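Here's the structure, in C-alpha cells; my notes come after.
The values are calculated or read from the model by the stated rules, or taken from the named source; none is laboratory data. None of these values were measured; they are calculated from a predicted model. Here the Cβ is made from the backbone with ideal geometry for all residues, glycine too, and neighbour counts use every protein chain on show. Heavy atoms of the whole protein, side chains included, go into the accessibility calculation; ligands, DNA and RNA do not. Shrake-Rupley method; radii C 1.70, N 1.55, O 1.52, S 1.80 Å.
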Amino acid sequence: MRRRAPRPLSVALAGLADQLAPRTTLGDVQRAWPAVVGPVVAKEATPTTEHGGTLTIACRSSVWAQELDLMAPELVERLNAQLGEGRITTLRCVASPPRRWASTES
C-alpha cells in the first residue's frame, strides 16, 4: 500500500527529539513543564537547573518569579505527579530571562 502524501516532518522530529533528550531530572522536568504549568506560564518561565531536588526557574520578570514562588507548593506537587517519585522538593524562581527571550522582545 502506497502513501498518498508524505508524513509531516514534525512526527519524525518529535520521535528523534525524545530519543536524544537527556535522561536527567532536569531533562524530564523540561519535557513535562508545558503540560504541567500550561502555555501561558511556559512562555514566561522555563526550568534551567536542578540540583539536589531544587529546581531553578528562570522567569521573564520579577513579577512572574514572585507569582511562581507563591505557586511553588502546587507546582512541586504537580511536577512530581507527572514525573513520578519525589524528585523535586523546592522551586527557586529568579528573574533572569534566558538570552533567547531577549531577542523576542519588541
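Scanning region 34-55 for residues that are within 11 Å of the chain's Cα centre (by Cα) and touching a residue at least 24 places away in the same chain (Cβ under 8 Å) yields A35, V36, V37, V41, A45, T46, T48, L55. Hey, can you tell me all the residues within region 40-57 that are open to solvent by 50 Å² or more (accessible area, probe 1.4 Å), touching a helix residue (DSSP H, G or I) at 6+ places or on another chain (Cβ under 8 Å) and of a type outside the set (S, T, N, Q)? Selection gives E50 alone. Scanning region 47-75 for residues that are charged (D, E, K, R) and over 24 Å from E85 (Cα atoms) returns R60, E67.
Based on this model, can you work out whether Q19 counts as in contact with a strand residue (DSSP E or B) (Cβ under 6 Å, 6 or more places away or on another chain), at pLDDT below 95 and either β-branched (V, I, T) or outside any strand (DSSP E or B) (or both)? Step through it out loud before you land on a result.
On the way: in contact with a strand residue (DSSP E or B) (Cβ under 6 Å, 6 or more places away or on another chain): no; at pLDDT below 95: yes; either β-branched (V, I, T) or outside any strand (DSSP E or B) (or both): yes.
Taking the combined requirement at face value, the residue does not satisfy it.
Determine if region 26-36 includes at least one residue that is open to solvent by less than 30 Å² (accessible area, probe 1.4 Å) and assigned to a loop (DSSP other than H, G, I, E, B). Within region 26-36, none of the residues are open to solvent by less than 30 Å² (accessible area, probe 1.4 Å) and assigned to a loop (DSSP other than H, G, I, E, B).
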